[in-house]
Every structure is written in C-alpha cells, then in structure tokens.
Amino acid sequence: MNEETKLFIVPTPIGNLKDITFRSIEIMKNSDYILCEDTRVSKKLLNHYKINKPLKTYHAHNEHKVFSKYIHDMKLGKKICLVSDAGTPSISDPGYLLVKEANKLKLKIECLPGPTALIPALVKSGLPSEKFVFEGFLPTKKGRSKRLNLLLNETRTMIFYESPLRLLKTIEEFKNIFGQERKVSVSREISKIYEETINGSLSKVHEILLNKKIKGEIVIVLTGSKK
C-alpha cells in the first residue's frame, strides 16, 4: 500500500465474488475504514474474504452531507477505501464529489482496475467497439426525449444502463427514434448464474423481450448511425 495515498477507489464484483483482484483485497485489509453504498451488501463481500474493517455509508442520498468529513479524515492521514455495491465507484455510482475534492486538495488518489458491466457487454455484443460512448442511465422523465434525439446521429456505439422495469419501454423508444432495424445487444446479469445476451435488430429484440420475464441488471449496447 502506497503510504502517500489517502483515497483508494476499489471496484467490487458485479456478480461473481471471484472477480476481484488480490491487490483490492490487500488494500481493503490495510485501510482505516471503507466507504460503501449499503453496508449489508458490502459486508457479504468483506466476510467472504475475511476483511474486518469498519464500514461507513456513502451513497447518492448522503454524499453531499458527508464527503467533507471523509476529506477531513484523509487530511489527518487516514487511508480510506471507496467501494460501490457492484462495479467501479463513480461509474453511475457515487464517488465524483469525494474524488473532485480530494484532487482539489492534492490528496493522492489511486483507482484500481476492476469490474464494470459496460465493457463485457460491449465486447460480447459483437458491435463495433473501437469507438464508443457511455450514456449510463437515461433521464426517466424530464430531458429523456431531448437526450435521445441528440443521440440520433451519433456514429459511435452507445452503451446504456437500464432497470428491468423500464427495459421494454426503452427498447420501444429506441425503435421509434433510431429505426426498427438498428442493431442492438441487451445483456443482463453479467458474471452471474443467469447471464444472458440477446442480439439483433431493435424490432427483433423487442419481440423476444415481450415473451420474457425481465430481471437483473441490464446493459444495452446500440450501434451508431451509419450517416
């Protein structure tokens, strides 16, 4: 562990608990405490690897209130790990405010390489991967149509996260905006027991999803415009 580093960004498995690096485990074991979204979720991972460190909550609903306290601890010399429930913090998960402030104060930060759902979904989609844009979660209401219309002429492959409850609606919107024959790949439960990927045109994938019970974490990979 680098003695100068005060904040370690540690990616955690998105499904299979074996998808974590030896270095990630070592750093968590040697930290003063670990910031996490949900202590119940993170406790399962820590128990699995026999990591006995204090857990403190850091999530979307409290980060504006608590990040300054953790910055203060780093200034006092504490070594803090930031994890999310699954994947890499700051990628559609909390972390940005803490990292931004630590950078401003020139506190040393290390972000470990590790799990994230978007890269496996892109690679296994078979769609062009040399250039891509990550859109994360689309707005659920205000600004949604505007955002989709701005992407109409995007030539790079686009990657989105979506909830199972909104997946069908989103694919239907994609059909209307991008055209029924635009190629898409929908992956769910990456690295888990029921991992599944459906490839095809928006029209075909929509038809398949109509007859499925949709569960789990969803990644949509949409090919770019040919224009």
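By DSSP, the beta bridges lying fully in the chain are antiparallel in about 50 percent of cases. A prolate overall shape is assigned to the chain, the ratio a/c of its alpha-carbon gyration tensor axes (a ≥ b ≥ c) being 1.5 or greater and a/b exceeding b/c. Using a Förster distance of 35 angstrom, determine the FRET efficiency expected from the C-beta separation of Tyr33 and Ser92, and round it to 0.05. Efficiency, from the Cβ-Cβ distance: 0.90. Output the relative contact order of the range 1-114, whole-number percent, from Cα pairs under 8 angstrom with separation of 6+ residues. Value for the range 1-114: 44 percent. Normalised by the residues of the range 118-222, what does the relative contact order come to in percent, with Cα pairs under 8 Å and at least six apart? For the range 118-222, the relative contact order is 34 percent.
Could you work out [θ]222 nm for the chain from helices alone, using -39500 (n - 2.57) per DSSP H run of at least four and dividing by all its residues? Round to the nearest 500 deg cm²/dmol. Working shown, then result.
Values: 8 runs with 76 residues, N = 227.
So the calculated ellipticity at 222 nm is -9500 deg cm²/dmol.
Whole Å is fine, so just give me how far the alpha carbon centre of the range 142-192 lies from that of the range 13-67. Each part's Cα centre sits 31 Å from the other's. In a simple Cβ point-charge model (Lys, Arg +1; Asp, Glu -1; nothing else charged), the chain has a dipole of about 380 debye relative to its Cα centre. Under the classification rounded if a/c is under 1.5, otherwise prolate if a/b is larger than b/c and oblate if not, where does the range 1-68 fall, given a ≥ b ≥ c as square roots of the Cα gyration tensor eigenvalues? Note, shape of the range 1-68 comes out oblate.
Mind running the shape call on the range 118-222? Use the C-alpha gyration tensor, a ≥ b ≥ c as the square roots of the eigenvalues: rounded below 1.5 for a/c, prolate if a/b tops b/c, oblate otherwise. Rounded shape, in that the Cα axes give a/c under 1.5.
Highest mean first, the peptides 24-32, 99-107 sorted by other C-beta atoms within 10 Å per residue fall in the order 24-32, 99-107. Our estimate of slack between Ser201 and Arg147, defined as 0.36 nm per intervening residue step minus the Cα-Cα distance, is 17.3 nm.
Every number here is computed from the coordinates shown, using simple stated rules; none is lab data. What you see is a predicted model, and the numbers here were worked out from it, not measured in a lab. When we count neighbours, we look across all protein chains shown, and the Cβ atoms used for this are built from the backbone with ideal geometry, even at glycine.
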